[in-house]
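A.B. asks: Structure below; questions to follow.
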Amino acid sequence: MAKSTFLGSLPNIPLRTMSIIFVIVAAIAAVGVFVSDGLVNEGYRNIEQANDRFIQAQQAASDLEAGSDQLTYCVRSFVATGDVTYLNGYFEEAEVTRQRDNAVDSLEELLQGEESEAFDHLNKALSLSNELMHHEYRAMKLTVEADGIDVAVVPEVVMQANTTLEEEAMSADEKRALAQVLVFGKTYANYKTSIKSHAELSTQELVSASDEARLSADQNMNTLLTVQTILTILFLVVVLLLVVFVTLWVRIPLSHMVLRIQNNELVPPTGATELRFVAKTYNAMFEENKQTYARLSYGSTHDALTGLLNRKAYDVMLEDMDMSNTALLLIDVDKFKSINDTHGHDVGDLLLKRVAEVLRYSFRSTDLVFRLGGDEFVVIMSDVDSSVRDKVRDKIDQANVMLQKPKDDLPPTSLSVGVAFADRENPDGDIFKDADTALYRVKEAGRCGCVIY
């Protein structure tokens with residue numbers, strides 16, 4: 001009782017309205033999850049790009065310093081040994097490998113025109129490295145002249161290096177000593193320190209900028225993940241609410257409705273609007289049937305032998321009843337006259353009672369079963385259409401099985417049944433005429449069966 005009261009207190013909500021609301025909210029949540037998923041993926045790509053920029057920037061600074069150090073190593077080795085191999089290695093780095101220039105170009109491409117102190121420092125380091133090369137050219141020229149190396153194997157830029165008349169007049173040992181001062185002395189060391197300093201400052205700026213980019217990307221990612229989590233929870237809440245709605249407004253009320261109908265009771269209008277409408281419609285029909293039965297006195301409307309409704313009740317019912325959703329079954333007991341003649345009227349009466357009992361058992365409590373007289377019976381099934389034709393045929397077959405296996409020493413018998421549904425296809429007349437036509441066809445076919453018009 002408490003559960004029915006609770007269900008009755010629930011808001012009167014149409015299924016159509018709730019379906020539209022759930023579909024819209026679920027669609028919005030699903031689209032939001034889809035979009036946020038794309039944004040999260042984009043966030044991951046931004047983090048990866050920030051990491052890649054950091055690595056590439058560090059690599060650029062490292063390459064510039066490495067290129068400068070390679071030049072220093074080659075020029076110092078050439079000055080110290082006079083080995084032309086180191087001279088060639090110097091120009092291999094300066095003109096072919098070009099680590100310093102490539103590093104600046106790589107960073108410039110990475111920054112894509114952005115103003116950056118990192119790029120300025122790296123460019124300054126390259127500028128200082130280029131200035132240092134003029135000292136290195138002088139040192140290499142003095143070494144060539146001091147060691148008498150064939151100028152044919154020496155790059156022209158070396159021999160064009162600016163040297164003073166005083167330096168030109170120096171002896172080989174003096175030139176060699178000056179060359180070593182140029183590449184091992186304090187001035188050279190200051191240049192190298194300055195180059196290294198600018199390269200380190202460039203790296204620091206790059207690290208700082210990359211950290212900011214990665215921090216920003218991480219913050220955006222956290223925001224996106226939060227939004228995605230909220231949308232996912234919203235989607236799950238929508239699904240949960242849908243389950244709750246279907247349970248409280250549809251499944252439970254429908255189960256109660258079926259149980260009440262099976263118990264031939266009034267149905268309390270609960271649940272969704274559509275179910276309430278069905279309950280009210282059923283209750284109206286139920287009350288109408290009760291009133292109809294109340295108008296008819298039992299004695300005048302029931303068959304004294306079988307207790308079924310009689311012809312008078314049948315005529316009254318036809319006047320009050322809407323036949324638009326019904327099935328009419330005309331029933332004859334097969335070979336009843338022969339049974340009466342053979343076994344006597346007392347046995348015939350018992351057999352008719354048995355037929356009435358079987359018909360009551362075979363059909364629903366809401367179906368109307370009549371005995372019109374003799375061995376003629378009628379069943380009017382309400383609220384049905386031709387989709388249940390197979391069920392009707394099964395009921396008749398079951399009834400015949402029961403009658404052909406008699407009890408209390410009654411003779412076996414069977415039923416011939418003609419059926420017509422209100423929504424039958426290609427009617428040849430009214431429902432009564434077509435049911436009678438169907439009954440005639442059963443008898444022509446040998447009785448004991450059912451034909452549905």
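The values are calculated or read from the model by the stated rules, or taken from the named source; none is laboratory data. What you see is a predicted model, and the numbers here were worked out from it, not measured in a lab. Glycine gets a Cβ as well: all are built from the backbone with ideal geometry, and neighbour counts include every protein chain shown. To get the accessible areas, we keep the full protein, side chains included, count just its heavy atoms, and leave off ligands, DNA and RNA. Shrake-Rupley method; radii C 1.70, N 1.55, O 1.52, S 1.80 Å.
A.B. asks: By how many nm would the segment from LYS391 to ASP211 grow when fully extended, if each residue of separation counts as 0.36 nm and the alpha-carbon distance is taken off?
C.D. replies: Taking 0.36 nm per residue and subtracting the Cα distance, the gain is 57.1 nm.
A.B. asks: Dimensions of the stretch 6-102 along principal axes (Cα, Å, largest first)?
C.D. replies: 106, 23, 13
A.B. asks: Please list, by residue number, everything in the stretch 250-293 whose backbone N is under 11 Å from a paramagnetic label point 7 Å out along Cα→Cβ of LEU10.
C.D. replies: Within reach of a label on LEU10, which here means backbone N under 11 Å from a point 7 Å along Cα→Cβ, the stretch 250-293 contributes 250-256, 270-273, 275-276.
A.B. asks: Can you compute the label reach from ALA304? Point 7 Å from Cα along the Cβ direction, backbone N cut-off under 16 Å, restricted to the stretch 360-387.
C.D. replies: Residues 371-374 qualify, since their backbone N sits under 16 Å from the label point.
A.B. asks: Once label points are set 7 Å from the Cα along Cα→Cβ at both THR17 and THR81, what is their separation, rounded to one decimal in nm?
C.D. replies: My value for the distance between the label points is 9.5 nm.
A.B. asks: Can you compute the FRET efficiency between ASN264 and VAL31 using 1/(1 + (r/R0)^6), with r the Cβ-Cβ distance and R0 = 60 Å? Round to the nearest 0.05.
C.D. replies: 0.75
A.B. asks: Normalised by the number of residues in the stretch 296-453, what is the relative contact order in percent for Cα pairs under 8 Å and 6+ residues apart?
C.D. replies: 27 percent
A.B. asks: Along the principal axes of its C-alpha atoms, what lengths does the chain span, in descending order and rounded to whole Å?
C.D. replies: Here the Cα extents, ordered largest to smallest, are 161, 49, 40 Å.
A.B. asks: Full extension from SER171 to TYR361: what is 0.36 nm times the residue separation minus their Cα-Cα distance, to one decimal in nm?
C.D. replies: 54.7 nm
A.B. asks: Here's another thing I want to ask about it. Going by accessible area, probe 1.4 Å, with all protein chains left in place, what is the ranking of CYS74, CYS448, largest first?
C.D. replies: Most to least solvent-accessible, the answer reads CYS448, CYS74.
A.B. asks: Over all directions, the average projected area of the alpha-carbon convex hull for the stretch 194-348 comes to how many nm²?
C.D. replies: Result: a mean projected hull area of 20.1 nm².
A.B. asks: Something else now. Can you show me the helix-derived [θ] at 222 nm for the chain, built from DSSP H runs with n ≥ 4 at -39,500 (n - 2.57) apiece and divided by the number of residues, rounded to the nearest 500.
C.D. replies: -23500 deg cm²/dmol, from helical runs alone.
A.B. asks: Between SER194 and ASP218, what length in nm is gained on full extension when 0.36 nm per residue of separation is reduced by their alpha carbon distance?
C.D. replies: Gain on extension, SER194 to ASP218, equals 5.1 nm.
A.B. asks: Just to check I understand the Karplus step: with θ = phi - 60° and J = 6.51 cos²θ - 1.76 cosθ + 1.60, what whole-Hz values come out for the stretch 232-247, glycine and proline as x?
C.D. replies: Values, residue by residue: 5, 4, 4, 4, 5, 4, 4, 4, 5, 4, 4, 4, 4, 4, 4, 5 Hz.
A.B. asks: Also, I was wondering about something else. Ordered by residue, what ³J(HN,Hα) values in Hz, to whole numbers, does the stretch 314-321 give under the Karplus form 6.51 cos²θ - 1.76 cosθ + 1.60, where θ = phi - 60° and Gly and Pro are x?
C.D. replies: Result, ordered by residue: 4, 5, 5, 4, 5, 5, 9, 8 Hz.
A.B. asks: Accessible area, 1.4 Å probe, largest first: how do VAL442, VAL31 sort?
C.D. replies: VAL31, VAL442
A.B. asks: A follow-up question, please. For the pairs LYS280/LYS407; LYS290/LYS335; LYS290/LYS337; LYS312/LYS443; LYS312/LYS391, flag any whose C-alpha to C-alpha distance is greater than 32 Å.
C.D. replies: Exceeds cut-off: LYS280/LYS407; LYS290/LYS335; LYS290/LYS337.
A.B. asks: Another question, if that's okay. Carbon and sulfur together cover what percent of the accessible area of the chain at a 1.4 Å probe radius?
C.D. replies: Exposed carbon and sulfur together represent 55 percent of the surface.
A.B. asks: Also: Limiting things to C-alpha atoms, what are the Rg and the maximum Cα-Cα separation (Dmax) for the stretch 115-218, in angstroms?
C.D. replies: That works out to 19.5, 66 Å for Rg and Dmax.
A.B. asks: How far is it, in nm, from the label point at GLN291 to the one at LYS186 when both lie 7 Å from their Cα along the line to the Cβ?
C.D. replies: Reported label-point gap for GLN291 and LYS186 is 12.4 nm.
A.B. asks: For the chain, calculate the relative contact order in percent as a whole number, restricting contacts to Cα pairs under 8 Å that are 6 or more residues apart.
C.D. replies: In percent, rounded to a whole number, it is 15.
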